[in-house]
1. Identify, by number, the condition in (1) crowded, with 16+ Cβ neighbours inside 10 Å; (2) part of a loop (DSSP other than H, G, I, E, B); (3) of a type in the set (Val, Ile, Thr) that B:THR400 doesn't meet.
2. Could you tell me whether the range B:212-221 includes any residue that is over 24 Å from A:LEU81 (Cβ atoms), surrounded by fewer than 18 Cβ atoms within 10 Å (Cβ to Cβ), touching a residue at least 60 places away in the same chain (Cβ under 8 Å) and in the same structural domain as B:VAL319 (by TED's automatic domain parsing)?
3. If you take the residues in the range B:338-381 that are part of a helix (DSSP H, G or I) and of a type outside the set (Ser, Thr, Tyr), which one is surrounded by the fewest Cβ atoms within 10 Å (Cβ to Cβ)?
4. Only one of (1) farther than 30 Å from B:ILE473 by Cα; (2) in contact with a strand residue (DSSP E or B) (Cβ under 7 Å, 6 or more places away or on another chain); (3) not β-branched (Val, Ile, Thr) fails for B:ASP209. Which number is that?
5. Within the range B:225-232, does at least one residue satisfy the condition of being at pLDDT 80 or above and either of a type in the set (D, E, K, R) or assigned by TED's automatic domain parsing to the domain that holds B:LEU24 (or both)?
6. Could you list, ordered by first residue, the pairs with Cβ atoms under 6 Å in which the first is in the range B:224-239 and surrounded by fewer than 24 Cβ atoms within 10 Å (Cβ to Cβ) and the second is basic (Lys, Arg), at least 6 apart or interchain?
7. Does any residue of the range B:245-264 turn out to be small (Gly, Ala, Ser), more than 14 Å from chain A (Cβ to nearest Cβ) and either buried (at least 24 other Cβ atoms within 10 Å of the Cβ) or in contact with a His (Cβ under 6 Å, 6 or more places away or on another chain) (or both)?
8. Which residues, taken from the range B:429-467, are assigned to a strand (DSSP E or B) and modelled with pLDDT of 95 or more?
Amino acid sequence: MKRTLILSTLAVLALASCSKEEQQVISLPDNVSTFRKINAPDGFDFKGTKTITISLLAQSGAPSQPSTLIKVLDSKENVLLKYKVNPSEGFEIPLEVPASTKELIYEGVDGSRKTINISNNRITLN
Amino acid sequence: MKTLIKYALVIVSIISAHNSNAQLQFDFTNSTNLARHSGFPWGNTNVLSNSDPGCFISGTTYGAYYDANKDGLIPGSSGYYAIFWTPIVAVQGSYTATVEYTATGNFDIWSTIYNVANGSTGNAQVTQLGAAATKTVATIYINGATSGNFRQYVNVRNAGASNVTIHSITLTSATYTPPVSGCSVPTGPSCTDADSDGICDNLDDYPNDPAKAFSSTIPWMNWMYEDLFPAYGDFDFNDLVVSAEREAITDADNDLRFLKIKAVVMAAGAGSAQGWAVELKGINPGEVLSVSGSSLTDNVMIMGSNGTENGQTNAVIPVFDNFHSVINSAGGPFFNTKPSVPKGTGDTITIMIEFSKNSALVLGDLDYNFFSFRTDERGLEIHEMGYSPTDLADMTLFGTKQDASDVNSGDYYVSVDGLPWAMSSAGTAYPTEKTDMLESFLKLATWAQSGGALFQDWHTNTLDAAYRNAAKIY
């Protein structure tokens with residue numbers, strides 16, 4: 001009897017806890033119940049993408065003829081950029097990526113890879 | 001057979017069809033062309049930089065010997081090492097070295113590079129390899145970004161005990177020019193380049209089309225619209241939902257030659273028919289050679305012969321002019337917004353835009369401005385916030401009803417409350433009919449009110465209850 005009572009009490013507490021937690025996580029921010037009531041900062045444009053500038057710095061002493069092919073991929077292996085690079089000149093190019101993108105993958109011509117964190121809107125591959 | 005093996009060894013070919021730029025590829029099985037020097041040539045700069053630049057070099061003791069019976073190089077008299085240096089090659093950026101070997105047991109290959117200009121060595125690496133009863137190809141060294149003239153050092157350890165035989169070696173992305181005199185190691189074949197555009201087939205995304213070489217893709221995204229602009233609607237952002245993928249195709253010169261857009265109407269919870277198009281800002285219509293694949297059924301736009309809309313400063317390309325023509329509705333006026341109505345499908349529309357080579361456009365010139373427009377009222381365009389209308393938009397709509405666009409400053413499609421009529425995202429979900437976006441996506445308000453700093457994954461995170469209310473998502 002005592003054991004049944006304890007189990008029942010625990011079950012009720014667990015259910016109450018779950019219910020409370022769920023109520024908290026699905027509640028909307030204070031004072032914002034509809035899209036119309038969103039109070040975004042001035043200038044916020046609701047864009048779901050961001051443009052980052054990818055650059056490869058020119059390598060002094062590198063041969064002048066284009067010879068290196070580079071790739072930039074996202075975490076799902078989508079090739080966002082495939083570009084033939086002249087190492088002596090380098091390059092700079094804008095790239096549109098989802099706003100939530102935290103890192104990209106740089107792949108050199110030899111297949112070697114380097115993960116690059118996107119801390120701002122400009123990344124340098126070398 | 002040996003020739004076939006040689007070709008199979010090519011992992012990454014350099015971009016050249018000229019023999020002077022051929023990669024070094026040497027099959028030891030048909031040559032004893034190995035210069036031998038007394039002592040151990042490590043650090044002997046005279047030998048390494050000046051002597052027999054076109055030869056493989058090995059020592060008399062700690063060297064490697066050719067054995068016809070074993071079809072390749074075997075350890076020197078030490079019985080432990082098989083050491084050799086490649087001929088001098090010109091390295092252009094990164095390169096790859098591979099060996100073809102057989103072995104009865106495990107062994108290590110120690111490798112490094114020797115810079116013949118300054119005598120420096122570096123980037124040492126140890127590669128552990130296992131037994132291989134048949135000829136097996138392994139990458140032994142991948143260099144960092146370097147350029148100059150180098151010899152590649154190869155030191156096979158435990159070669160004797162494991163009965164290692166090195167059959168061939170290939171250096172790719174490193175050019176090799178046979179010397180005029182002295183040893184002459186044959187060069188490897190130039191790569192296969194079916195379309196003769198200068199890009200080897202294994203690097204060419206379109207090996208049979210000289211106008212296309214490299215593909216860069218922006219994966220599928222969704223564009224979601226409220227269609228009552230300039231008035232507010234119900235904020236379910238499903239009056240038109242289009243998913244699209246963009247593939248930019250450049251040629252061997254990195255010139256932008258094609259743009260392929262694949263699009264599917266995912267939802268259309270609207271009473272009024274709409275079209276969808278893209279303006280390529282900064283690209284003149286005359287720089288477009290042709291457009292194929294647009295779905296044009298209602299004569300909404302007056303088109304030029306190249307498939308762009310007439311009367312525009314920038315190239316405007318319609319994807320479809322009436323969503324009804326590109327969907328297969330299963331019933332009811334609302335397409336894929338009411339769970340109670342059977343789900344329909346959207347056609348995959350593939351647009352191919354060809355740009356003029358003479359325009360010398362590059363990837364960075366692509367500046368997309370997607371927009372919806374009313375099928376029965378061409379000028380009623382809806383763009384994402386901050387994007388400008390096209391030349392054919394009805395400018396009298398700005399500043400009316402809830403719109404607060406500032407024509408002078410160029411702040412378009414922003415409401416009096418700072419809200420948009422269109423949004424794009426890498427997410428694919430959208431609300432059910434007449435469900436406010438905030439009821440479906442629980443972090444959207446926080447994301448917006450933080451200026452985009454928080455919950456950037458408000459739309460892509462599929463965690464139910466925390467990020468979204470699945471019951472209110474179609």
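The values are calculated or read from the model by the stated rules, or taken from the named source; none is laboratory data. Keep in mind it's a predicted model, so treat the numbers as computed, not measured. Here the Cβ positions follow ideal geometry from the backbone for every residue, glycine too, while neighbour counts run over all protein chains shown.
1. Of (1) crowded, with 16+ Cβ neighbours inside 10 Å; (2) part of a loop (DSSP other than H, G, I, E, B); (3) of a type in the set (Val, Ile, Thr), only one is false for B:THR400: (1).
2. Checking the range B:212-221: not a single residue is over 24 Å from A:LEU81 (Cβ atoms), surrounded by fewer than 18 Cβ atoms within 10 Å (Cβ to Cβ), touching a residue at least 60 places away in the same chain (Cβ under 8 Å) and in the same structural domain as B:VAL319 (by TED's automatic domain parsing).
3. Filtering first and then ranking leaves B:ASN358.
4. So B:ASP209 meets the others, but not (2).
5. Yes, the range B:225-232 contains at least one residue that is at pLDDT 80 or above and either of a type in the set (D, E, K, R) or assigned by TED's automatic domain parsing to the domain that holds B:LEU24 (or both).
6. B:PRO230/B:LYS401; B:ALA231/B:LYS401; B:ASP234/B:LYS434
7. yes
8. The answer is B:PRO431, B:PHE441.
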